[in-house]
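These notes are about the structure you will find just below.
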Amino acid sequence: MSDISRSHEYLSFRSTIPQRKIIVDDDNSKEWTLYEAGPKTVKSPLICFPPASGTADVYFRQVLGLSALGYRVIAVEYPIYWTMKEFVEGFRKLLDHLVLDRVHIFGASLGGFLAQKFAEHSCRSQRVASLILCNTFYDTTIFQQTNSAPTFWMMPAVYLKKMVMGSFERRATEPEIVDSIDFMVEKLDGMSQQALASRLTLNCMNCYVEPQKLRDVDILLMDVFDECALSSGVREEMCKCYPEAKRAHLKTGGNFPYLSKSTEVNVFLQIHLRKYDMGPYRARELTENELQLLSEADGTLNKSS
Amino acid sequence: MASRKKVLLKVIILGDSGVGKTSLMNQYVAKKFSNQYKATIGADFLTKEVMVDDRLVTMQIWDTAGQERFQSLGVAFYRGADGCVLVFDVTMPNTFRSLDSWRDEFLIQASPRDPENFPFVVIGNKIDLENRAVSARRAQGWCHSKGDIPYFETSAKEAINVEQAFQAVAKNAMAQESDVELCSDFPDPIKLKDDQAKPRENCAC
């Protein structure tokens, strides 16, 4: 077992936050898995989308850390969907089921791509209040797997796992990054062939985001300055694709900064979500004290001339 | 190889409330100024790409809450700072006297490797105002006593010297960065296989 899986923090996460399974499709083998924490009165929670290899619990440090500050956080794990249409429709049904009109989505790698696709899909109905995209991309052709993607469903699990594992940076020296890789390898190992094949299909099937449809969405781009699976070229393309987006860079963090540098990632998430605190799309419940402070801060006038 | 690595410099702006930390950051990054005062809650950051000695560097500038009751984010973001800008208002002597405690607070929280030579810059802001109360000499004296910290007199409102002050902190931070690279990094391993030419992206994990 990896150090993270054995850590007190992770064990307390698993023992206090129940895992929920929700079916929203006609096919009752398609199960969403959720971990949720924070006040139910919040109607625009932060939803976390995992990368191809990850399960919902890879965001346990966001669920624990942010819910302690009053945020409502829901980490999800996708059912076995094979097409983008299935995914966006399925997620919409999940939001309907949870009675959530507008949410903030934090997505990493495949999760970030899916978050953009969902924002694009729902650009008229505006189900997305904001996006936080971490180490991600907007066009699957960068992987040059579009031809083989349709055959992933019948590939043996070992082959698929190798495909993903190949992208993990093994030269990492920072202990937090090494631990995060160990944990993700464990998660990957536990995935069924079907689950992994469906994620990789979504990841590699020819598909791209039309950024003009996301023009009105508030976006935070998060990325690392050390080695990660995506080349710096791809990361720069993301920035060019969303020139208005705010950029949150981390010096290091590897592929999974939400695990390896969770304190910093959580600070970025808080700063991003703060501007919603006083509005209808707030992601947390404020205490009386905070409410008073915030309205005071808004009311302070013209001290400097 | 090591010197071609992309560099991210984290710079923290500290000082009493109302001295113009947010205004300095906005003037430097966005070239904007507003007379309207709004207290900063917690912290905020902006990024700007700058050239330092022919190298493209990404500066991440952290604007912090001057008022203690708004410091809700704690000091987690002090960690890993490469430079620090201490700001006071030249018309308010008490904001100048606070510099000592801001500097101490920073050194305790960020605990840099080499506190004696940490790249600080001091800014005396609001020189566009008439009622000046802290002389340049007095400020320079303090900077000198703290290990010759560079001192700049600025006006965020009129964009005087703002660029220069931030450029100085970036330059000094880079100088430290390259020192570290020289003494602590292992040399890059010799590669037997050239993986640089690999055209395909790794399948995202």
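Numbers for the structure displayed
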item: Test: residue in segment A:106-113 that is away from every other protein chain (no Cβ under 14 Å), touching a residue at least 12 places away in the same chain (Cβ under 8 Å) and part of a helix (DSSP H, G or I); result: no
item: All positions within segment A:192-205 that are more than 12 Å from chain B (Cβ to nearest Cβ) and out of contact with any helix residue (DSSP H, G or I) (no Cβ under 6 Å at 6 or more places or on another chain); result: A:192, A:194, A:195, A:198
item: Residue within segment B:119-134 that is among the small types (Gly, Ala, Ser), surrounded by 13 or more Cβ atoms within 10 Å (Cβ to Cβ) and over 17 Å from residue B:13 (Cα atoms) present; result: yes
item: Segment B:69-88, residues that are farther than 15 Å from residue A:252 by Cβ, under 16 Å from the mean Cα position of the chain (by Cα) and more than 7 Å from chain A (Cβ to nearest Cβ); result: B:75, B:78, B:83, B:84, B:85, B:86, B:87, B:88
item: Single condition residue A:242 does not satisfy, out of (1) more than 8 Å from chain B (Cβ to nearest Cβ); (2) touching a residue at least 60 places away in the same chain (Cβ under 8 Å); result: (2)
item: Which numbered condition residue A:129 misses (of (1) within 22 Å of residue A:267 (Cα to Cα); (2) within 14 Å of chain B (Cβ to nearest Cβ); (3) under 15 Å from the mean Cα position of the chain (by Cα)); result: (2)
item: Residue match in segment A:262-274 (condition: more than 16 Å from residue A:108 (Cβ to Cβ), outside any loop (DSSP other than H, G, I, E, B) and more than 9 Å from every other protein chain (Cβ to nearest Cβ)); result: yes
item: Pairs, first at negative phi and in a strand (DSSP E or B) in segment B:112-137, second loosely packed, with under 14 Cβ neighbours inside 10 Å and modelled with pLDDT of 95 or more, C-beta under 9 Å, six or more apart; result: B:124/B:136
item: Selection count where residues are within 8 Å of chain A (Cβ to nearest Cβ) and crowded, with 20+ Cβ neighbours inside 10 Å, scope segment B:19-40; result: 3
item: Condition met for residue B:95 (part of a loop (DSSP other than H, G, I, E, B) and either buried (at least 23 other Cβ atoms within 10 Å of the Cβ) or of a type in the set (S, T, N, Q) (or both)); result: no
item: Test for residue A:223: is it within 30 Å of residue A:67 (Cα to Cα) and touching a helix residue (DSSP H, G or I) at 6+ places or on another chain (Cβ under 7 Å); result: yes
item: Candidate set: segment B:41-56, residues that are within 11 Å of chain A (Cβ to nearest Cβ) and closer than 21 Å to residue B:163 by Cβ; chosen: the one surrounded by the fewest Cβ atoms within 10 Å (Cβ to Cβ); result: B:49
item: Test: residue in segment A:135-148 that is part of a loop (DSSP other than H, G, I, E, B), surrounded by fewer than 23 Cβ atoms within 10 Å (Cβ to Cβ), of a type in the set (S, T, N, Q) and more than 11 Å from every other protein chain (Cβ to nearest Cβ); result: yes
item: Residue match in segment A:285-293 (condition: within 11 Å of chain B (Cβ to nearest Cβ), over 22 Å from residue A:121 (Cβ atoms) and crowded, with 18+ Cβ neighbours inside 10 Å); result: yes
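Residue-by-condition table, conditions (1) modelled with pLDDT under 90; (2) part of a helix (DSSP H, G or I); (3) buried (at least 21 other Cβ atoms within 10 Å of the Cβ):
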residue	(1), (2), (3)
A:171	yes, no, no
A:195	no, yes, no
A:203	no, yes, yes
A:227	yes, no, no
A:236	yes, yes, no
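The values are calculated or read from the model by the stated rules, or taken from the named source; none is laboratory data. Because the structure is a prediction, the values reported are computed rather than measured. All Cβ positions, glycine included, derive from the backbone under ideal geometry; neighbour counts span all protein chains shown.
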